[in-house]
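Q: Would you mind keeping the following structure in view while I ask a few things?
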Amino acid sequence: MSMFRAKKLDLGCFVNIRVIRDHTKRKVFAEHEPERQALRYIIRNLSLPASTRAKAQLQLTQMHCYTRPSQIRNRCIEGGKSRGVLRDFKMTRYNFRMRALAGLVPGVKKASW
Amino acid sequence: MNPLLSSTRAQLPDPALSRRQLSDSASQLPAAVDSQSNPSKHAYTPAPSHMDPDELIDVRLPRAVQAVYLRPLRRQAEYGIPSCDLQMRSYSVRNLEFFADFALRAAYYLGLPASGPVPLPRIVERWTVPRAHFIHKKSQENFERKTLRRLIQIKDGNPETVQVWLAFLMEHAYYGIGMKANVWNYEKLGVGKTMDASMEELKKDLDSKWSLIGLSRKDAVAEKVLEMIDKKTFMRGREGPKTRIDPLPLNPPTYN
């Protein structure tokens, strides 16, 4: 959603629209996290009146989807791919292999045991 | 390299012999090393600059320089109470061994009894990835990363000296080596009372530190809850029946 997107590019890695989108989602989620948690707390608090909790439920469902943590997906810093990303290196398996063979990943060697 | 150094390296006394003698008399190094081996042959005379290079070979190195070629000296721990555990990690044995050696020497010259380097079990991580960028899962390749670890333990260290030692190592940090240190301080009996007394002075320093420790996010949530509950929309439903029949006190939100 373009209204959340930064006016100026604020990323230094490989950039395509999907990477920018994911980055925006991370920022929006971080910004709205207290609000989400507050609503979740109200919803689960049994000492509050039912209508208050129902309203909190409504409000939570009406929050923008970018504020949800489940929207965030790890992406490759080299090619922006979302599948097969190794968490340890933030890279897809193929990019990791190329860079590891070139000796660009510290300490990683071809294994043989 | 300095020609004097390189040419005289062959002239060093037998390393095993001198190592034993050096470590036996570790506490009074300068006096002891002067009296060791053959004093008539190795007596130190400052070499004049016009000397023939062949004669220079016979000039003995200063003991401190000589010690660089030998195993690091150590001090004996009197009581054996641990005061600092330094763990170093690296992917390269060479760098790690070199820096562990450096740390031991630094500890010796600061007067800290050090033990180690203890080779801790290495951490092996492995990844298996397909060779191709697309399908062909049957052809894969293995990669691994071995993290090597060394532990140096300081015993009976004066807390300030230990801090100096750690700061010195930080200042001369070597590339590709991570360090972490556990430091123990010991107090006299009746710590509680002394701590109570010094609490007032510490309060200012502590508050600035505590503000950095992660309670701020939880506070943000709690404030948000109070802010929302006080809103009119939420207040309107207040008179209605509670979800639970027995009324619970409305406490400010707490998170575990």
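None of the figures in this text is laboratory data; all of them are computed from the coordinates on show. Bear in mind that the values here come from a model prediction, so they are computed numbers and not experimental data. Glycine also receives a Cβ, built like all others from the backbone with ideal geometry; neighbour counts cover every protein chain displayed.
Q: Please average, across the residues of A:88-98, the number of beta carbons from any other chain that are within 10 Å of each residue's own beta carbon, and give a whole number.
A: 3
Q: Just to confirm the filter: which trypsin sites (Lys or Arg not before Pro) across region B:109-138 are DSSP coil and have at most 14 other Cβ within 10 angstrom of their Cβ?
A: Sites meeting the loop and neighbour criteria: B:ARG131, B:LYS137, B:LYS138.
Q: Relative to the longest principal Cα axis of chain A, at what angle does helix A:17-44 sit, 0 to 90 degrees, rounded to 10?
A: With both axes taken from Cα atoms, the answer is about 30 degrees.
Q: So for region A:55-99, considering every pair of alpha-carbon atoms, how many percent are separated by more than 11 Å?
A: 68
Q: Amide H to amide H under 5 Å from A:THR92: which residues, 5+ apart in sequence or cross-chain, H placed 1.01 Å off N in plane?
A: A:ILE77, A:GLU78, A:GLY79, A:LEU86
Q: Now for a separate question. Kirkwood hydrodynamic radius for region B:82-183: how many Å is it when counted over pairs of different Cα atoms?
A: Numbers: mean 1/r = 0.0657 Å⁻¹.
Hydrodynamic radius (Kirkwood, Cα only) of region B:82-183 equals 15.2 Å.
Q: Within a 10 angstrom radius of each residue's Cβ in A:50-58, how many Cβ atoms of other chains show up on average? Whole number is fine.
A: Per-residue shielding by partner chains comes out at 5.
Q: Let me ask something additional. Taking just the C-alpha trace of region A:20-82, give me its Rg and Dmax in Å.
A: Expressed in Å, the Cα Rg and Dmax of region A:20-82 come to 15.1, 51.
Q: Based on Cα positions only, what radius of gyration and what Dmax would you give for chain A, in angstroms?
A: 19.9, 64
Q: Per-residue ellipticity at 222 nm for chain A, helices alone: DSSP H runs ≥ 4 residues times -39500 (n - 2.57), over residue total, nearest 500 deg cm²/dmol?
A: Taking each H run of at least 4 residues, the total per residue is -14500 deg cm²/dmol.
Q: Just need the relative contact order of chain A here, percent rounded to a whole number, with Cα pairs under 8 Å and 6+ apart.
A: Details: 98 pairs, mean separation 23.3, N = 113.
Result for chain A is 21 percent.
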